[in-house]
Every structure is written in structure tokens, then in C-alpha cells.
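Quick notes on the structure that follows.
The values are calculated or read from the model by the stated rules, or taken from the named source; none is laboratory data. Just so we're clear, the structure is a prediction, and the values are computed from it rather than from any experiment. Glycine also receives a Cβ, built like all others from the backbone with ideal geometry; neighbour counts cover every protein chain displayed. When the accessible area is computed, the model is the full protein with side chains, heavy atoms only, and any ligands, DNA or RNA have been set aside. Shrake-Rupley method; radii C 1.70, N 1.55, O 1.52, S 1.80 Å.
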Amino acid sequence: MPNAIEVNNVTMKFNMSKDKVDSIKEYFIKMCKRQLRFEEFTALQNVSVNIEKGDVFGIVGLNGSGKSTFLKVVSGILKPTEGWAKTYGTISPLIELGAGFDMDLTARENVLLNGLVLGYTKKHMKEKFDEIIEFAELQDFVDVALKNFSSGMVARLGFAVATITKPDILIVDEILSVGDFLFQQKCEERIKELMANDTTVLIVSHSIEQIERLCKHVMWLDHGNVKMLGDMKTVCDAYKSM
Amino acid sequence: MKAYLQTFTRYRHLLMDLVARDLKVKYRRSALGFLWSILNPILMALVIAVVFSQMFKFKQPYYASYYLTGALIFNFMSEATSNSLTSVISGASLIKKVYLPKYIFPLQKTVFAFVNMLFSLVAVIVMMLIDGVPFHWTMLLFPIPMIYVFVFTVGLSLLLATLNVFFRDVGHLYSVFITAWMYLTPLIYPESLLTDTRLGSFTLMSIVQFNPMYYYVTYFRRVVMDGVIPGLEVNLICAACSLFFLVLGVWAFKRKQDKFILYV
Ligand SMILES: Nc1ncnc2c1ncn2[C@@H]1O[C@H](COP(=O)(O)OP(=O)(O)OP(=O)(O)O)[C@@H](O)[C@H]1O
Ligand SMILES: [Mg+2]
């Protein structure tokens, strides 16, 4: 199988200085006093991994270990400080609850906007609209502003939009855990459908059972380093007995 | 290059939708929304005409039309750049969660201002009818100066949007700057004042000749009001200014765009 995602030696550093310089005035004052400091924080350290087309790849790790940062690098939202990440094909990123949603707009308007943000056409989204609402089971809330939705409902809508047109790569960050168990089952079924269609899926989840049910390969991140990388069983067993 | 064009065509639907959204917000307020946007500049021009041509005795034929043609071009630039300035920061929630070409945001604001300018063109025509300005066929060339100023404004918008991500006080400086800029462009005073006003051995023109907006504004007036087609030299100056700022803006934006997400 050819690779769908190639990540090569990625290091991601953030500037963590407490007093960020964000005005010309401060910049000159600090420059004159020679106080322009940069405190760096390394969220990812030399991460390399190749993910095959059609693989379902899980990422586990404690809070703050760099999982979301990794997903953002892969989806092109963050540019790594060093190294590179390459993807082949269309990407649907579900990085955060309601990514690309405008909470003041209705579900109908948001489906359209979100589709456009993902690079689809208006026509395409109009055709798929009913199907999306049906999958999310939000028929009664089509013209309600999103700020009046529960977080699970927002997650449903987000997942429905992102998976309605089979993407080549689907990226899911924990959002599945907000839905109720029925919807979680439905999402897992949809993911399995996508797998059968050669979609590459990247999942971050704190539910180790979910990872065990869905994934073929797993990466364990620890303080930004790859602690372990390999097939699901080996890594999950090691992670659980940590 | 090909990849860039591909991304652009892919996201042009989003761009058009965002602009349409802005337009809806602007004209939704009342059924008279659109009418107001035409009436407002006309009334404004009449007030300014009374103040400056009656009280200050500016000798400028068709003063109200003269003012309105200049203001149309200048206000487009001023509205577009001021809105673009904060556009990347306002788009922060999207930038942080999905991949998007970030130039979409300044471009959205510039295109929106451009559409507004086209609407206001109706006001200019009405004003010219009221003033009884003779119509010339050269009027049909009005898109040329508009394209020049559009390209210039896209470049400046990209530059300002980039600066503002790193230095949040650029906006304050820019609002002062744009006021000065307005007075260094012959909008409310006649163009003849530029060569008549002496500052020692200089005329006002020796400063204003470095102002790109001066060329765009006068170009527009020449074709729309005077029935004159500007010569090759003026066209070269306009094209050079526009391209220079476009290249500068694209260069700065491209260089820094990967860092935006860390600062918004
Ligand atoms: N924009 C940012 N600026 C500064 N630091 C950041 C930024 N984004 C993430 N970090 C830091 O990078 C580290 C990794 O964050 P990340 O969100 O990737 O963790 P995570 O593994 O997804 O955690 P969780 O399980 O809680 O979702 C954290 O320590 C965080 O403070
Ligand atoms: Mg996370």
C-alpha cells in the first residue's frame, strides 16, 4: 500500500514567554532594554511516521503530550518548526468541536459554510444537505442557531459534514466521546464504512477501548516524543500497563 | 504556481460566500438599505459642496460631482485596507481549526469594499446628472482606474493584515495615517491647488506626486468627468504602483503566514 501520510522528523516549538510582545511600542522598548526573550516549549520532538493508505491509526498519550498538535501539523493548520508532513488526497479535519462553525448561524447555514471551508462547492453541499441532517438526526433543529445546541449535537453535525463526502483522510480528535452511546456506535460504523473505502483515518481518543475496537496501528506520544509505535495490540497493552 | 491557482479555484466559492454574507449584513437592516447606500453619499457630497464651494470659495466646476468621484475611489481603498487590517485576527477561530489559505480574509474585505464601490457608482452617476456634467464616451473606461486601485489595495491589504498580526497597535497608527493621506489627495480641494500652493520653493505637488492615490483618483475623474484618456506615462505610473504594492504585499504575507497561527 502507498503512504497516505508521511511525517518526517517533525519538531514543533511554541513561544511560551509570559509577556508576549505584540505592539510596536513594546517591541521598541524591549529592544532598547535588550529584553526580547523567547522561551520555547517543544510540543513535538523529532516525530517520524508513515501511515499507509486505508490504515486506521490511533494516537494515545496523556494530556498535553502533543496529540492535538500532531493532528494539526498533519492537517496543515500548523507549520512545523522543523521537518515536514505530507499528505496525499483530500483531508477532513475534525480537530475540535465545531471547527469552522459559526455559533450565531443556524445549522442549515453552518452546513453550507463548513462545506465551503472544507473546499466543497455550494451546489454539492445543497445536494448533500438532507443526508447530513438525517445522519446527525437533527431534523427538528435545522433552523436553530448553533449556540442553542448541546455540545453533543454540535459534534454530531460536525461529524456528519466531515464524513458525508468520503475524504481520503479523516482526522478525528476526541470529538466522538461527546456523543451519546448510540451516536458513538453510528460514528464507528461510518468509520468502518470509510475504512472499507480506503479512507485513511487518524484518531485521537482517551477511550482505549475505542482505539482497540477501531485501529490497526497505534502511536504512543509522551511529552512530545514517540514512546512507542506499532500494531495496536502491542502498543495498547504497553500503554495500559504503564 | 499551478498548485496555488488550484487552491484558489477550490476556495473561490468560500470567498464569494463570505462576501455575500458581508453584503447581506450590510443591506439587510432595512428594505431601504440599498437606497440609503446611494442616497447617503449624495447627501454627503451636497453638504461638503455647500461648505467648501460656498464658504471656502473653491473654484471648481461641478464641485459635488468632483468631490464624489474622488471620494468613491479613495473610500474604497480606505474601507478595504482598514477592514483587511484586522481580518486575519478576526478569522482566528477558523485559522486555528481548519486549513485555509489565509489570504482569503483580506481578499474578502477588499472584494466586499469593491462591490460597495460599484454600488456607489450609481450615486456618482445620479450626482453628475443633478450637476449637469456633460457625459463623454470615455466614461466607459471607468473600470481601468478601478482595476489599478483594486490591485494596489489588495497588495496594501495583505501587507497591513500581516503587520497587524504581530503588532496590534498598527491599527491606531493607520487610522491617523489614513486621515493625513486623505488630505494629501485632492478630494475636497481642487487639483489646481496642488500647483498653486507654495511651501517655500516647493509646491504641494512635490509631495503629492509620491501619492499613488493621487494618480488613481485623477485618472478616474479624467475619464468619467472630463472626457480625457490619460496618456502612456500616467498609465505606466499607475501600473507600476499597483504591481509594486501587490508584489510587496504577497511577498510579506507569504513569508509570515505560517507564523500567524502562533500570534492570533
Ligand atoms: N498554540 C499554542 N501555544 C503554546 N503552546 C501550545 C499551543 N498549542 C499547544 N501547546 C502546548 O503543547 C503541548 C501539547 O498540547 P496538545 O494540545 O497537543 O496536547 P494533547 O496531547 O492534545 O492533550 P489533550 O489530551 O489534553 O488533548 C501542551 O503542553 C500545550 O501547552
Ligand atoms: Mg488534544
Task: Stokes-Einstein D in µm²/s, Kirkwood radius over Cα pairs - chain A at 10 °C with 1.306 mPa s viscosity - done: 82
Task: Kyte-Doolittle at least 0.0, axis length at least 18 Å by Cα - qualifying DSSP helices, chain A - done: A:151-164
TODO: Any chance you could give the angle, 0 to 90 degrees and rounded to 10, that helix B:212-221 forms with the longest Cα principal axis of chain B?
DONE: 50
Task: Probe 1.4 Å, protein heavy atoms only - accessible area per residue of segment B:14-73 in square angstrom - done: 58
Open item on the list: With angles folded into 0 to 90 degrees, how steeply does helix B:63-85 sit against the dominant principal axis of chain B? Use alpha carbons for both and round to 10.
Closed with: 10
TODO: Go ahead and set up a Gaussian network model of chain A, Cα springs under 10 Å, then flag whichever of A:Cys215, A:Cys32, A:Cys187 fluctuates most.
DONE: A:Cys32
Task: Residue-averaged beta-carbon neighbours from other chains (10 angstrom radius) around A:78-84 - done: 2
Task: Debye intensity ratio in log₁₀ form over the Cα atoms of segment B:210-250, taken at each q of 0.19, 0.20, 0.31 Å⁻¹ - done: -0.56, -0.61, -1.05
Task: Carbon plus sulfur fraction of accessible area for segment A:98-166, probe 1.4 Å, in percent - done: 47
TODO: Please report the buried accessible area for the interface of B with A, total over both chains, probe 1.4 Å, in Å² to the nearest 100.
DONE: 2300
TODO: Please go through the residue pairs A:Lys123/B:Lys2; B:Lys97/B:Lys259; A:Lys86/A:Lys216; A:Lys166/A:Lys186 and name each one whose alpha carbons sit more than 18 Å apart in this structure.
DONE: A:Lys123/B:Lys2; A:Lys86/A:Lys216
Task: Ellipsoid equivalent to segment A:98-166 - semi-axes via the Cα gyration tensor, in Å - done: 17, 12, 11
Task: Computed [θ] at 222 nm, helices only, for the protein assembly as shown once each DSSP H run of length n ≥ 4 contributes -39500 (n - 2.57) - done: -18000 deg cm²/dmol
Open item on the list: Given a 1.4 angstrom probe, I'd like the percentage of the accessible area of chain B that is carbon and sulfur, rounded to a whole number.
Closed with: 71
Open item on the list: Cα atoms only: what Rg and Dmax, in Å, come out for segment A:144-242?
Closed with: 14.8, 46
Open item on the list: If you fit an axis through the alpha-carbon atoms of helix B:104-131 and take the longest principal axis of the Cα set of chain B, what angle between them do you get, 0 to 90°, nearest 10?
Closed with: 20
Open item on the list: Give the average over all directions of the projected area of the C-alpha convex hull of segment B:55-158, one decimal, in nm².
Closed with: 8.4
Task: Percent of beta bridges antiparallel (DSSP, the protein assembly as shown, rounded to nearest 5) - done: 60
- [ ] May I ask for log10 I(q)/I(0) of chain B at q = 0.07, 0.09, 0.10, 0.13 Å⁻¹, from a Debye sum over the Cα atoms as equal point scatterers with solvent left out?
- [x] -0.27, -0.45, -0.55, -0.92
Task: Most to least packed among A:151-162, B:179-190, B:223-234 [average Cβ atoms within 10 Å] - done: A:151-162, B:179-190, B:223-234
TODO: Per residue of B:20-26, count partner chain C-beta atoms within 10 Å of its C-beta, then hand back the mean as an integer.
DONE: 1
- [ ] Note down the relative contact order for chain A as a percent, whole number, built from C-alpha pairs under 8 angstrom at least six residues apart.
- [x] 27
Task: Cβ neighbours within 10 Å from other chains - mean over B:90-101 - done: 6
Task: Principal axis dimensions, largest first and in whole angstrom, of the protein assembly as shown by Cα - done: 89, 58, 38
Open item on the list: With a cap of 15 neighbouring Cβ atoms within 10 Å, and only residues DSSP puts in a loop, list the chymotrypsin sites (Phe, Trp or Tyr not before Pro) found in segment B:92-146.
Closed with: B:Phe135
- [ ] Select from segment A:1-90 those trypsin sites (Lys or Arg not before Pro) which occupy a DSSP coil region and have at most 15 other Cβ atoms within 10 Å, ordered by residue number.
- [x] A:Lys18, A:Lys20, A:Lys33, A:Arg34, A:Arg37
Open item on the list: Please report the antiparallel percentage of the DSSP beta bridges confined to segment A:140-242, to the nearest 5.
Closed with: 55
